[in-house]
Amino acid sequence: MFELIQGGKSRSESRPPPPPDWHTKLRQLQRIDWRRRQRRFSSVGPRTSKATVASMMAFLGVLAVSRALEWLGWVPVVTMFDMRGSGLLSIAGGAAAYVLVQLWSSAPKTWSALLDVDLATYEPVDRDAYRYLQDRTRSTGYFEHAAIASWLRDERDAVEMAAGWRKPRNSAFLNKKV
């Protein structure tokens, strides 16, 4: 009698997409701002920072293990003749950790590379400001600190207004026809 025709959109496809999580957007903007600041004020890149932290942790770990073994009465051959041996072992462990992280880490060498990844994954609310930042970066060939700071201000305003946390500015000065 009646034939069911398969096709069209299912109920799940016809629903509008869920509204964006505004707090997540603000956290993404905060991370982009943090990368911008790191790029401007840091003297080393993210890979070198990671290697430095790893070397300090390896140094302290080897030192703690060697001191604990000495305290328990087991003295390694290296430190049997000289107590400075545990310090030298710790320095060697820290240096080895630094070199290994520098060679095999997947972290980018520059903060600009991390900033590029964060900006590429961000879905903007104010698309015109985002396009202007892209055009300005394309024309200069690098990320300008002032351009990113200006875009961040515009984007935060757009997110806050889209979320309904803030109303657009309404004043006599802004409404005056000239």
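The values are calculated or read from the model by the stated rules, or taken from the named source; none is laboratory data. Keep in mind that what you see is a predicted model, and the values were worked out from it rather than measured. All Cβ positions, even for glycine, are placed from backbone atoms using ideal geometry, and neighbour counts span all protein chains on display. Side chains are part of the model used for accessible areas, which takes the heavy atoms of the whole protein and leaves out ligands, DNA and RNA. Shrake-Rupley method; radii C 1.70, N 1.55, O 1.52, S 1.80 Å.
Rounded to the nearest 10 Å², what accessible area does residue 105 have for a 1.4 Å probe in the complete protein model?
In the full protein context, residue 105 sits at about 20 Å².
Within 10 Å, count the other beta carbons around each residue, average over each peptide in 137-144, 47-54, and list them highest first.
Highest-to-lowest ranking by the protection proxy: 47-54, 137-144.
Taking 7 Å along the Cα-to-C-beta vector as the label spot, tell me the residue 23-residue 43 distance in nanometres, rounded to one decimal.
Going from the residue 23 label point to the residue 43 one covers 3.9 nm.
To the nearest 10 Å², what's residue 165's accessible area with a 1.4 Å probe?
120 Å²
Full-extension gain between residue 53 and residue 117, please, as 0.36 nm times their residue separation minus the C-alpha to C-alpha distance.
Between residue 53 and residue 117, full extension yields an extra 20.8 nm.
Return the Rg/Rh ratio of region 84-142 with Cα-based radii and a Kirkwood Rh.
1.35
Leaving out ligands, DNA and RNA, and with a 1.4 Å probe, what % of the accessible surface on region 17-167 is carbon or sulfur?
Within region 17-167, the accessible surface is 63 percent carbon and sulfur.
Can you give the alpha-carbon Rg of region 104-169 over 2.2 N^0.38 Å, where N counts its residues?
Dividing the Cα radius of gyration by 2.2 N^0.38 Å gives 1.30.
Taking 0.36 nm per residue of sequence separation and subtracting the Cα-Cα distance, how much length would be gained by fully extending the chain between residue 135 and residue 99, in nm to one decimal?
Gain in length upon complete extension: 9.1 nm.
Under 18 Å from the Cα of residue 109, which aspartates and glutamates turn up, not counting those fewer than eight places away in the same chain?
Straight-line reach from residue 109, under 18 Å: 118.
So for region 56-178, Kirkwood radius off the Cα pairs, Stokes-Einstein at 10 °C and 1.306 mPa s: how many µm² s⁻¹?
Here the translational diffusion coefficient equals 80 µm²/s.
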